[in-house]
Each structure stands twice: as structure tokens, then as C-alpha cells.
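Heads up, the thing below is written out as C-alpha cells.
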Amino acid sequence: MHNTVSKKDPQESTLIMERTQLAELLAKAEKAEPSELTDQEIVALLGLTDPEDCRMLKDAAFRRTTALMDPYVYYRGLIELSNICTANCRYCGIRKANHDVKRYTMTKEEIVEAAVWAADNGYGSVCLQAGERRDEKFIEFICECLREIHLRTKRPMLPKGVGVTLSLGDQREETYRRWAKACGNPESIRYLARFETSNPELFNLLHSTPGTNEKNLEHRFECLRSLRRAGYQLGTGVMIGIPGQTLEDLCRDIRTFQQLDVDMIGMGPYLKCEGNDLESLGQMEPKALLQLALNMIAVTRLVMGPINIAAATALQAIRDDGREMGVEYGCNVVMPNLSPQRFRKGYQLYDNKPCLDDEPTHCASCLERRIESRGRLVGWNMSGSSRRFLRRVGRPDEVRPIKEFTAEGKRLIRLHSV
């Protein structure tokens, strides 16, 4: 078991501050656009552990989220279409070298039907996720799925079909462009490619089996630049609590989000996985890991402002209501799993992955109640494009002013979505 800590001695650093100082700092962070937080202040906020201090951070991030954006949490229906992977990332449960995993690929019909179910049930977007492959057969297979999804998910409330997020690993720019064209809805195409950590040594720990160099951090950044050139809403993220990671590393990760000017972020706690190459290093104590992950979400919201931040399923692996806690700390996207049950146990990137046996209908209704219990609403039939992206390309916001809605709730949300 390991701990993620600052290189500084907390007793001799600015990690501990008076509560009045914290209140002043958070008040400044809530209002400043762009963020004026210094690296020292970011590290201090990331290192908060006192329950009352963490509550203050949570409340500030929640207020900033709803003030800059809207009260809605967007559903991205997750379709884990294949666990076949050519990469050998040391932390991952579906790495190529894990021969205990039963490999699968969903058929085009199964993938499209999952997306159709999403459209029929008010989801504004889906996420297609799979292990990394670069062969032509796979590339064209994704193109075919995207074309069919576009054709079959058009609805009065979704005239261009569901928005699509892809999470399919490192690819050539030509491939990114082919997929963007095939989706038929370039205004709502997104890609999630996490750089995982901005620390090159930690990146190599995660990716390079001793004596090899399977992945390169600079190449990952070049993939992100390629995605931006190809017109995607740019998504990335990191793992929180990697063995040997410091609070300063996490601060640099946030600065990297700024430098990349990302539109959306998907990040969560580092969780060990049976059968991977880093299992012996263990992980942080769960309670501390969860709080650190939530702090990272909140501080990222305060720094980055109107971007999309997903509540990772990995939060729920630590605590049953972990996703909802993520919403309280600044997330505005959740990803209910729409993959057929028979495939889910084959797509375990980490131990204790939740929702392996949940039906999509039960999951959606249960999650809606949970989200509403935390003071937010589900954005039915909304693609949920990043506000930062919309402003960059000069497009209007996706939803009409909040004053047009009343307490009647979901029915009006459905009617007023655009």
C-alpha cells in the first residue's frame, strides 16, 4: 500500500491554512475567470483532508459548476465494444499480456442497438470505448458503426442523432478524421485520450515493461494535438493516486489541462487490478484515495471553469455513491453502462468494477434519483457539448435560459432541449 503525498512536510508548508484563509481563497477561486490560483494554492487545496475543509472545497466547486454552466448532469451511454487490445499498459486489466481475460468484440448490430436504446431513452450521447487497435479492419468497423448510429438515432429531440464520444486509444490523424467524417454529426464528436500523468517517469512506470518502451508521453500529446486539428471536442485526463505520485505532480497535471485548453476531462482514482504488471505496488488506502480524487475534481473545476468533467465509474468502486459525490465536487457527466451484461466481466480495467449485473433501465432510473438527491437534474436528450468548446467555435449554448424552466422538471427539460 502506498500514499500520494506532497514532497514537502505538511507541517512546514502552506498545505495547512486557517479556515478563514481557506474561505478567502475559495471565494477568489469561485469568481476568477480565468483562474488566478497559484501552484502553491492548488497544492494546498489538493492536500485538504479535514472534513470541514473538504466540505468547503466541495461547495465552492458545486457553486462554480452551476454558475458557469447549468444544473444538468449529462448522460453518456457507455458501450464497451471490445476488450481486444494491442497495447500492454502495465496497470490495465485488459492488457495484451493478460491471458486470463476472455476476449470479445460486440457485433455492429449489438453496438448500434445499444445506441438506439440510448436515443429512445433520452440519452443525448453515447461513448464507444474499446482496447487499442490500429488495423484497417477495426478502423472501418468503427466507421460502419458510426454511420449506422447516426442514421438510426435521429429523433425529434435529437435531429442529428446522438452525440458520440470515442475512446479508442492512440491513432493516426488520418484515422481520427475518418471517424469524425463517418459520425455524420461533426458538431458533437468527441474523443477521450487520457495522458494519465504529466510526469514522464510515472508515465513510463504505467506503460513500459522493463526493457521496453511501448508508450511515449510526447506521442500521447501529439495524438491530442491531432484530435484538435481533426475537429474533435478534446478530452483527456489523468489517474489520481499512482504509486509515487505527489500533489505537485497533480498540480502539473492541472496546468497541462490548461496548456492543452481541453474541452472535457475524464479522470479517476488509480485502482490496482489482478493480473496486471503493477499489482504488487498496491494502491492508496481507499478513504484517502477517494478524498484525493474528489479534491482533484473540485480543484480542476475551479481552475478550468466551463468544461465537461465526467464522474468516473472508478469512484463508485471505492464507495457506492462515489459517482454522486463526484457530481457534488464538480462533475457534470456520468456514463451509465449500456454494454450487454454478458460482456461486462470481460472489460474490467481495475478490481471491483461496479454495475456488472445492472440492467440499463434500472441503472438509468436509479442514477436519476441519486443525481437529483444531490441537487442536480439529468439533461435528458441533451448532447451536452462542452461550454468551452461552444465558445471557442462560436456556437450558442445547447440549452435555453434556466428561467424558462419550472419545477415540473423532466417533462420541460425534454421539451426545451435543442
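Points worth noting:
- Taken over the range 282-328, the criterion of being assigned to a helix (DSSP H, G or I), out of contact with any Ser or Thr (no Cβ under 8 Å at 6 or more places or on another chain) and among the acidic types (Asp, Glu) is satisfied by Glu328 alone.
- Filtering the range 15-54 to residues that are outside any helix (DSSP H, G or I), modelled with pLDDT under 95 and closer than 24 Å to Gln259 by Cβ leaves Ala32, Glu33, Pro34, Ser35, Glu36.
- Val116 touching a helix residue (DSSP H, G or I) at 6+ places or on another chain (Cβ under 8 Å), buried (at least 21 other Cβ atoms within 10 Å of the Cβ), among the β-branched types (Val, Ile, Thr) and at pLDDT 95 or above: no
- Residue match in the range 68-88 (condition: in contact with a Leu (Cβ under 7 Å, 6 or more places away or on another chain) and either assigned to a helix (DSSP H, G or I) or over 26 Å from Asp263 (Cα atoms) (or both)): no
- Scanning the range 253-303 for residues that are charged (D, E, K, R) and at negative phi yields Asp253, Arg255, Asp263, Lys272, Glu274, Asp277, Glu279, Glu285, Lys287, Arg301.
- Taking the criterion of being aromatic (Phe, Trp, Tyr), in a helix (DSSP H, G or I) and under 19 Å from Cys363 (Cα atoms), the only residue of the range 116-143 that qualifies is Trp117.
- Of the residues making up the range 224-254, those that are of a type in the set (S, T, N, Q) and under 16 Å from Gly169 (Cβ atoms) are Ser226, Thr236.
- So Met239, is it farther than 24 Å from Pro34 by Cβ, surrounded by 18 or more Cβ atoms within 10 Å (Cβ to Cβ), more than 17 Å from the chain's Cα centre (by Cα) and among the aliphatic types (A, V, I, L, M): no
- Restricting the first member to the range 101-120 and to residues that are at negative phi and touching a residue at least 40 places away in the same chain (Cβ under 8 Å), and the second to residues that are assigned to a helix (DSSP H, G or I) and surrounded by 17 or more Cβ atoms within 10 Å (Cβ to Cβ), the beta-carbon pairs closer than 6 Å and six or more apart or on different chains are Tyr104/Phe343; Lys108/Cys145; Val112/Glu148; Val112/Ile149; Ala115/Ile149.
- Looking only at the range 311-347, residues that are among the aromatic types (Phe, Trp, Tyr) and modelled with pLDDT of 95 or more come to 1 in all.
- Check on Glu201, of a type in the set (D, E, K, R) and under 21 Å from the mean Cα position of the chain (by Cα): no
- Arg103 vs. criteria surrounded by fewer than 23 Cβ atoms within 10 Å (Cβ to Cβ), over 25 Å from Phe203 (Cβ atoms) and in contact with a Gly (Cβ under 8 Å, 6 or more places away or on another chain): yes
- Search result, residues across the range 289-321 that are small (Gly, Ala, Ser) and either crowded, with 24+ Cβ neighbours inside 10 Å or in contact with a Cys (Cβ under 9 Å, 6 or more places away or on another chain) (or both): Ala293, Ala298, Ala310, Ala311, Ala312, Ala314
- Contact map, the range 268-279: residues that are over 24 Å from Gln291 (Cβ atoms) paired with residues that are in a strand (DSSP E or B), Cβ distance under 6 Å, separation 6+ or inter-chain. No pairs are found.
- For the range 170-260, the helices (runs of 4 or more DSSP H) that sit wholly inside it and include 1 or more residues that are under 28 Å from Arg76 (Cα atoms) and touching a Gly at 6+ places or on another chain (Cβ under 8 Å) are 173-182.
- Summed over the range 63-77, residues that are hydrophobic (A, V, I, L, M, F, W, C), surrounded by fewer than 24 Cβ atoms within 10 Å (Cβ to Cβ) and under 20 Å from Met335 (Cβ atoms) total 1.
- Restricting the search to helices (runs of 4 or more DSSP H) fully inside the range 348-418 and requiring at least 3 residues that are of a type outside the set (Asp, Glu) and at pLDDT 70 or above gives 360-373, 387-393.
The values are calculated or read from the model by the stated rules, or taken from the named source; none is laboratory data. This is a predicted model, so every value here is computed, not measured. No Cβ is skipped: glycine too gets one built from the backbone with ideal geometry, and neighbour counts run over all protein chains shown.
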